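The values are calculated or read from the model by the stated rules, or taken from the named source; none is laboratory data. Everything numeric in this text was worked out from a predicted model, so none of it was measured. Because the Cβ atoms are built from the backbone with ideal geometry, glycine has one as well, and the counts that use them run over all protein chains shown.
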Amino acid sequence: MDKKSTIRVIIGIVIILALAIQFARFDNIIASNVDNSTREIDGSVINVEGLAERFQTDDSFLIIYDSSEDESSLIFKNTVRVMEQLKKQYRAEDVKTPKDVHMNEKAILIILRDLEKIRNSESLISYMENGGKLAIFETPEHSNAFSSIYHYLGIVDAGNAKLTDGISFDEKFMPAYKKDYIEFAAVKNFSIPVTLDQDCTVYMTAKDDIPLLWTRDVKKGHCLFFNGTMYQDKTMTGFITRSLALLCEDFIYPIINSKVVWLDDFPAPMSNTYYEEIRNLYNKTIKEFYIDVWWPEMLEISKKYDIKYTGVMIQTYNNRTKGPFLPAAGEIADSELIVLGRELIRSGGELGLHGYNHQSLTREHWKADELGYNKWEKEADMVEALKVVKEKIEKTFPNYKINAYVPPSNVMNDEGIEALKTVFPEIGIIGSVYYEDYQGLSYSQDFEYTDKKIINLPRFSAGYNFGMSNKLSVLNGILAFGAIQHFIHPDDFMDQERNEGKSWPEQLESFEAFAETMDTHYPFIEAHTASEAAFNVAKYIGLDYTVNYTEQGIEVSTNASSFPMYMFMHSEKKIGRQKNCEVHQFGENDYFVIFVDQKFTMEYKR
């Protein structure tokens, strides 16, 4: 063979290898080997059998509130939400008309400005002195009733209530977390400037050093005082949960134990145009940047800090709400969906659905007008559009069953869910938002199993930036549920509001700082896809339990039928021998508990 022939052969082999690599990267046959082994999510793992057994020492609360007062009613609603998610026993007394209140429970939560409405308020002193736990969850106004007890609550001197801003706290309040300060609209309070007794333990202060949260021993009992009004917001369910734990000498409650990071609009059509910052930094189009820079960097963070992404794909941005829906203008190419989807799944992640396009599945036209979206005239049009995206998925990932859905702009209603289930009956998870907006636009969720056979998997935080709002939301989710639910729109870095004026490298650095903080301080919270998280949520929803607090330790009986399961525990005593559980300390007086049997015990160290 002459030299030219040898060169031709070598070139031919190189071309064949290159074609083979491209074929392996883009071919549908490889995508057909990808399935979703965690797709079977339903209510079968939810145990509906409650516990008849109750221990006398189990947690029980009396909530005293005033339904004629707006703030009291809102804080009461939020506190009841916490009681129900923690599965704690409670009794409510409405004192809109002043009355005597019987005080038989282990702890009393007072949520009202006017303590005069508890006609026997002087009994609160003897209640505490004889071992009762008393919490104030709303700043009271000056009255004879307040003046007669505030010294017992640790107050030496009290001024007139004023508007305060920001909260400062340390690990005593947020276990395992560093000292931090949060200033945000949701953390404004009406607070009393107070001088406290030296034996008070302060957990939280306002911007101007006014104490916001403290505890104090009162002979055999204990009191907690929250000197504010912010507990009315749903962002505060975790803070209420933490307050209950600090009120009680020992306190244990179930958690989900899950960390999910959603990628909204991924995979999705990508623009071949330029964004000035990206062009200057990388000389790449937006599409080239996503594929060559953004996605590899996101994957690197996931490997480094134990994250599994759940990407929710979208087929087109054509905004059509009336058929025909084919061909879909500007839709994502099959090859791009296969490559990005396969890399997502092979990284340990999951492929979910965001929609055929980015039009929210609702026929409430005022919501479409508010969002600037087109209107769906009938449910049948939603169904037809969803059928088109299902054909796309079946063509590119024929063995993959989509199990999770995120509504565009977090907006949908029952009609949209019906359309979704008509086309995708296998979908068992909807991930919208946990918090409520004042307009009532969002499909706000709690962790629950709905009558439409859907696990609600709400998200707490969003974006690349770990700023004030995200800190508050993330910490709330950890305290309330032992869960992190975060989502990112890939194009957040180009949005002038969502990028907070930061460059892409700065935003990437901030997201990595968030990932590192969560992995460093709360490494026991398990990284999950949406489907994996839904299993934990289903077990959490069905759990019933009762607690026996003894001098020797804590005994817990549950109705659990699927293990392991998880709890957080706050205890001022050190934990020794354990049976049917593992106890891991992560704060000075705080523990992560893994239990593997319906009954488990933890003994105190002598």
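Looking at the structure I just gave you, is Ile541 surrounded by 16 or more Cβ atoms within 10 Å (Cβ to Cβ), of a type in the set (A, V, I, L, M, F, W, C) and not in a strand (DSSP E or B)?
Answer is yes for this residue.
Out of the range 290-302, which residues are of a type in the set (Phe, Trp, Tyr) and either more than 22 Å from Ala513 (Cα to Cα) or in a loop (DSSP other than H, G, I, E, B) (or both)?
Once the filter is applied, which keeps residues that are of a type in the set (Phe, Trp, Tyr) and either more than 22 Å from Ala513 (Cα to Cα) or in a loop (DSSP other than H, G, I, E, B) (or both), the range 290-302 yields nothing.
Given Leu134, Leu153, which one is in a loop (DSSP other than H, G, I, E, B), of a type in the set (A, V, I, L, M, F, W, C), buried (at least 21 other Cβ atoms within 10 Å of the Cβ) and touching a residue at least 60 places away in the same chain (Cβ under 8 Å)?
None of the others qualify; the one that does is Leu153.
Among what's in the range 79-93 and is in contact (Cβ under 8 Å) with a residue 24 or more places away in the chain and among the aliphatic types (A, V, I, L, M), pick the residue that is farthest from Gln445 (Cα to Cα).
Applying the filter and picking the extreme gives Ala92.
Out of the residues in the range 381-422 that are closer than 15 Å to Ser444 by Cα and among the aliphatic types (A, V, I, L, M), which is surrounded by the most Cβ atoms within 10 Å (Cβ to Cβ)?
My answer is Val406.
Could you list, in sequence order, all residues of the range 559-577 that are closer than 22 Å to Lys87 by Cβ and not hydrophobic (A, V, I, L, M, F, W, C)?
Asn559, Ser561, Ser562, Pro564, Tyr566, His570, Ser571
Among (1) surrounded by fewer than 19 Cβ atoms within 10 Å (Cβ to Cβ); (2) farther than 30 Å from Leu457 by Cβ; (3) among the small types (Gly, Ala, Ser), there is one condition Ala161 misses while meeting the rest; what is its number?
Tallying (1) surrounded by fewer than 19 Cβ atoms within 10 Å (Cβ to Cβ); (2) farther than 30 Å from Leu457 by Cβ; (3) among the small types (Gly, Ala, Ser), Ala161 fails exactly one: (1).
Phe460 - would you say it is modelled with pLDDT under 95 and in contact with a Ser or Thr (Cβ under 6 Å, 6 or more places away or on another chain)?
No.
Is it the case that Phe595 is at pLDDT 95 or above and either in contact with a His (Cβ under 6 Å, 6 or more places away or on another chain) or not assigned by TED's automatic domain parsing to the domain that holds Val474 (or both)?
The answer is yes for Phe595.
Which residue is nearest to Gly159 (Cα to Cα), if the candidates are limited to the range 101-131 and must be in a loop (DSSP other than H, G, I, E, B) and within 31 Å of the chain's Cα centre (by Cα)?
Checking each candidate, the answer is Arg113.
Among the residues of the range 564-585, write down those that are crowded, with 17+ Cβ neighbours inside 10 Å and under 27 Å from the mean Cα position of the chain (by Cα).
Once the filter is applied, which keeps residues that are crowded, with 17+ Cβ neighbours inside 10 Å and under 27 Å from the mean Cα position of the chain (by Cα), the range 564-585 yields Met565, Tyr566, Met567, Phe568, Met569, His570, Ser571, Cys581, Val583.
Just give me the residues in the range 559-590 being assigned to a loop (DSSP other than H, G, I, E, B) and within 20 Å of Met174 (Cα to Cα), in sequence order.
Glu572, Lys573, Lys574, Glu588, Asn589
Inspect the range 490-510 for any residue being within 18 Å of the chain's Cα centre (by Cα) and either within 30 Å of Asn272 (Cα to Cα) or not assigned by TED's automatic domain parsing to the domain that holds Phe266 (or both) and give the result as yes or no.
So far as the range 490-510 goes, no, none of its residues is within 18 Å of the chain's Cα centre (by Cα) and either within 30 Å of Asn272 (Cα to Cα) or not assigned by TED's automatic domain parsing to the domain that holds Phe266 (or both).
Among what's in the range 398-443 and is free of Cβ contacts under 8 Å to residues at least 60 places away in the same chain and among the polar types (S, T, N, Q), pick the residue that is farthest from Val48 (Cα to Cα).
Among those residues, the one meeting the criterion is Ser409.
Are any residues in the range 523-538 of a type in the set (Asp, Glu) and assigned to a loop (DSSP other than H, G, I, E, B), and if so, which ones?
Across the range 523-538, the qualifying residue is only Glu526.
For residues that are over 30 Å from Val583 (Cβ atoms) and among the aromatic types (Phe, Trp, Tyr), scanning just the range 250-281, find the one that is nearest to the chain's Cα centre (by Cα).
If we take residues in the range 250-281 being over 30 Å from Val583 (Cβ atoms) and among the aromatic types (Phe, Trp, Tyr), then Trp262 is nearest to the chain's Cα centre (by Cα).
Whether any residue in the range 193-200 is under 26 Å from Gly477 (Cα atoms) and either in contact with a strand residue (DSSP E or B) (Cβ under 9 Å, 6 or more places away or on another chain) or in contact (Cβ under 8 Å) with a residue 24 or more places away in the chain (or both) is what I want to check.
no
Return only the number of the condition from (1) closer than 15 Å to Val596 by Cβ; (2) not assigned by TED's automatic domain parsing to the domain that holds Val593 that Ile525 does not satisfy.
Condition (1) is where Ile525 drops out.
Do you know which residues across the range 287-315 are without any contact (Cβ under 8 Å) to a residue 40 or more places away in the chain and either polar (S, T, N, Q) or buried (at least 19 other Cβ atoms within 10 Å of the Cβ) (or both)?
Phe289, Met298
Residues being loosely packed, with under 15 Cβ neighbours inside 10 Å and assigned to a helix (DSSP H, G or I): count how many of those fall in the range 137-150.
3
Only one of these conditions is not met by Gln496: (1) polar (S, T, N, Q); (2) farther than 30 Å from Gly50 by Cβ; (3) at pLDDT 95 or above; (4) out of contact with any Lys or Arg (no Cβ under 8 Å at 6 or more places or on another chain). Which number is it?
(3)
Filtering the range 94-113 down to residues that are charged (D, E, K, R) and surrounded by 18 or more Cβ atoms within 10 Å (Cβ to Cβ), which residue is nearest to Thr229 (Cα to Cα)?
Arg113
If Tyr282 passes every condition in (1) touching a residue at least 12 places away in the same chain (Cβ under 8 Å); (2) over 24 Å from Glu516 (Cβ atoms) but one, which one does it miss?
For Tyr282, the failing item is (1).
Yes/no per residue for (1) at pLDDT 95 or above; (2) at positive phi; (3) crowded, with 23+ Cβ neighbours inside 10 Å:
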{"residue": "Lys502", "(1), (2), (3)": "no, no, no"}
{"residue": "Glu506", "(1), (2), (3)": "yes, no, no"}
{"residue": "Ala533", "(1), (2), (3)": "yes, no, yes"}
{"residue": "Val537", "(1), (2), (3)": "yes, no, yes"}
{"residue": "Ser562", "(1), (2), (3)": "no, no, no"}
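Report the residue count in the range 457-481 for those that are in contact (Cβ under 8 Å) with a residue 60 or more places away in the chain and either touching an Asp or Glu at 6+ places or on another chain (Cβ under 9 Å) or in a loop (DSSP other than H, G, I, E, B) (or both).
Number of matching residues: 4.
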